[in-house]
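Below is one structure, written out as structure tokens; comments come after it.
The values are calculated or read from the model by the stated rules, or taken from the named source; none is laboratory data. Quick caveat: nothing in here was measured; it's all calculated off a predicted structure. All Cβ positions, glycine included, derive from the backbone under ideal geometry; neighbour counts span all protein chains shown. To get the accessible areas, we keep the full protein, side chains included, count just its heavy atoms, and leave off ligands, DNA and RNA. Shrake-Rupley method; radii C 1.70, N 1.55, O 1.52, S 1.80 Å.
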Amino acid sequence: MSPSPDAESAAGPGEAPVGFLGFAQVALDRTQERLPDTDRDAMALVLLLHRVANSLVYDLESAVHRPAGWSWSAFRLLFTLWVSGGQDPSRAAELTGMSRAAVSSLAKTLGVAGLLERTPDPNDRRSVRLSLSDVGVRRLEETFAVHNRREAEWAGLLTADELTVLIGLLGKLSDAAQDQAWVNRRF
């Protein structure tokens with residue numbers, strides 16, 4: 001299969017074609033050439049973090065979650081409810097990083113599939129509580145075992161020391177971002 005014209009043009013004349021992850025380096029180099037005042041380190045942080053996270057999510061969804069019969073969003077909701085217990089849809093939306101409308105729609109679909117239960121909220125008769133059904137717990141735990149094996153494959157791309165440093169740095173970035181007023185949050 002020959003590379004697409006876009007891959008060839010992204011690499012530049014005489015260079016090997018690049019893919020989604022490799023494009024980050026091309027983007028960093030070309031941006032630096034064309035806009036020399038660009039903060040290359042900041043751009044590299046955001047561009048690489050975004051592209052690796054997207055690749056990881058796509059891999060997990062296609063290799064683990066679609067074969068299990070659900071989407072990445074469904075996994076996020078099921079996993080969140082498995083970890084946190086029953087939640088009202090607004091809190092589930094906050095914890096998953098999804099909109100309340102997305103959680104509501106997904107909860108209906110997962111309810112029809114028998115994975116999630118919607119019960120009246122004892123504290124607010126206008127609302128419901130979302131929780132996993134017994135089948136949902138079993139399916140989530142079975143699928144999470146496969147999910148975690150795939151996570152281990154990704155983690156295995158680094159040495160143990162590199163992994164420890166990366167986890168520490170990502171935790172530090174996450175903690176620091178939570179305290180910044182300028183960080184836009186949808187939750």
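For first residues located in segment 93-107 and charged (D, E, K, R), partners that are not in a helix (DSSP H, G or I) and lie 6+ apart or on another chain with Cβ distances below 8 Å form the pairs 94/187. Restricting attention to segment 155-187, the residues that are open to solvent by less than 70 Å² (accessible area, probe 1.4 Å) and in a helix (DSSP H, G or I) total 7.
Of the residues making up segment 117-130, those that are open to solvent by 70 Å² or more (accessible area, probe 1.4 Å) and closer than 18 Å to residue 84 by Cβ number 5. Number of residues in segment 19-61 that are in contact (Cβ under 8 Å) with a residue 24 or more places away in the chain and assigned to a loop (DSSP other than H, G, I, E, B) equals 2. Pairing residues of segment 147-167 that are farther than 26 Å from residue 66 by Cα with residues that are open to solvent by less than 70 Å² (accessible area, probe 1.4 Å), at Cβ distances under 8 Å and at least 6 apart in sequence or on separate chains, gives 163/155; 166/158. Kindly indicate the residue of segment 122-161 that is among the polar types (S, T, N, Q) and in contact with a helix residue (DSSP H, G or I) (Cβ under 8 Å, 6 or more places away or on another chain) and also nearest to residue 75 (Cα to Cα) among those meeting that condition. Here the answer is 143. Of all residues in segment 79-116, those being closer than 23 Å to residue 178 by Cβ, part of a helix (DSSP H, G or I) and open to solvent by 30 Å² or more (accessible area, probe 1.4 Å) number 9. Applying the condition of being among the small types (Gly, Ala, Ser) and open to solvent by 50 Å² or more (accessible area, probe 1.4 Å) to segment 13-52 and asking which residue is nearest to residue 158 (Cα to Cα) yields 16. Scanning segment 53-73 for residues that are hydroxyl-bearing (Ser, Thr, Tyr) and open to solvent by 90 Å² or more (accessible area, probe 1.4 Å) yields one hit, 58. Just to be sure before I move on: is residue 76 open to solvent by 40 Å² or more (accessible area, probe 1.4 Å), of a type in the set (Lys, Arg), closer than 16 Å to residue 136 by Cβ and part of a helix (DSSP H, G or I) in the structure I sent? So residue 76 fits the description; yes. When the residues of segment 131-154 are filtered to those that are assigned to a helix (DSSP H, G or I) and among the small types (Gly, Ala, Ser), the one that is surrounded by the most Cβ atoms within 10 Å (Cβ to Cβ) is 136.
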